[in-house]
1. Any idea how many residues of the range 111-163 are basic (Lys, Arg) and in contact with a Gly (Cβ under 9 Å, 6 or more places away or on another chain)?
2. How many residues, within the range 1-34, are in contact with a strand residue (DSSP E or B) (Cβ under 9 Å, 6 or more places away or on another chain), of a type outside the set (Phe, Trp, Tyr), surrounded by 17 or more Cβ atoms within 10 Å (Cβ to Cβ) and under 15 Å from PRO135 (Cβ atoms)?
3. Please state which of the following conditions PHE80 fails to meet, knowing it meets all the rest: (1) assigned to a loop (DSSP other than H, G, I, E, B); (2) touching a residue at least 12 places away in the same chain (Cβ under 8 Å); (3) not charged (D, E, K, R).
4. Looking for whichever is crowded, with 19+ Cβ neighbours inside 10 Å and hydrophobic (A, V, I, L, M, F, W, C) here; the options are LEU79, LEU53, LEU41. Which one fits?
5. All but one of (1) surrounded by 15 or more Cβ atoms within 10 Å (Cβ to Cβ); (2) at pLDDT 95 or above; (3) of a type outside the set (Ser, Thr, Tyr) hold for ALA151; which doesn't?
6. Just give me the residues in the range 28-73 being part of a strand (DSSP E or B), of a type in the set (D, E, K, R) and more than 23 Å from ASP148 (Cα to Cα), in sequence order.
7. Against the condition in contact (Cβ under 8 Å) with a residue 12 or more places away in the chain, assigned to a strand (DSSP E or B) and either in contact with a His (Cβ under 6 Å, 6 or more places away or on another chain) or buried (at least 17 other Cβ atoms within 10 Å of the Cβ) (or both), how does ILE96 come out, does it pass?
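The values are calculated or read from the model by the stated rules, or taken from the named source; none is laboratory data. These figures come from a predicted structure and were not determined experimentally. Don't worry about glycine lacking a Cβ; one is built from the backbone with ideal geometry, like all the others, and counts go over all protein chains shown.
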Amino acid sequence: MAGAALGKVSSSSDGGYVLTFQRDFPLSQPKIWKAITAPDLLGCWLSDAEIELRIGGRIRLRGQCSVDGEVLEVRAPDLFKWTWPHPDHPRSEVEISLSALSEAASRMTLSQTDLPRRHVLAVAAGWHTHLEALPMAAIGKRTSFDADRAAMHYRQYATALVL
């Protein structure tokens, strides 16, 4: 995923921001689905996780990302949506949608809503860095969060985005 396109930022009607990433992976849709919904694999690229994979279920992340959210939608193998509450953005939601490009390739679109301006760059750099690790997670390999790489991405977003 080195050299992947920067995420896109748009403003929402309530004054917050929406961050959106699109990534194509040389992995099947079921493999990517498992990497975003199976706690052991989610822990390989995002943070250690506990997930009740049902509407109203709990999603708990601990590690580089720490959140206690609620599952809002699950439609295997193409949609997973949950809340990402934070004191500065209590209504934030993350949605990951998947589509098959072929039997061995898939497209992911990830968005996070209701971000205040002061969080956009850090959240963008964080997601960008985590998404780089997702392909290895899909085959069961854990990648530690690389703070130096996230700082590099932060600088890229700071240069590219006008907020």
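1. The total comes to 2.
2. 6
3. Result: PHE80 passes all but (1).
4. LEU41 is the lone residue from the list that is crowded, with 19+ Cβ neighbours inside 10 Å and hydrophobic (A, V, I, L, M, F, W, C).
5. (1)
6. GLU50, ARG58, ARG60, ASP68, GLU70, GLU73
7. So ILE96 passes the test.
Conditions tested, residue by residue: (1) under 14 Å from LYS8 (Cβ atoms); (2) part of a loop (DSSP other than H, G, I, E, B); (3) not aliphatic (A, V, I, L, M).
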| site | (1), (2), (3) |
| --- | --- |
| HIS89 | no, yes, yes |
| SER111 | yes, no, yes |
| GLU132 | no, no, yes |
| THR159 | no, no, yes |
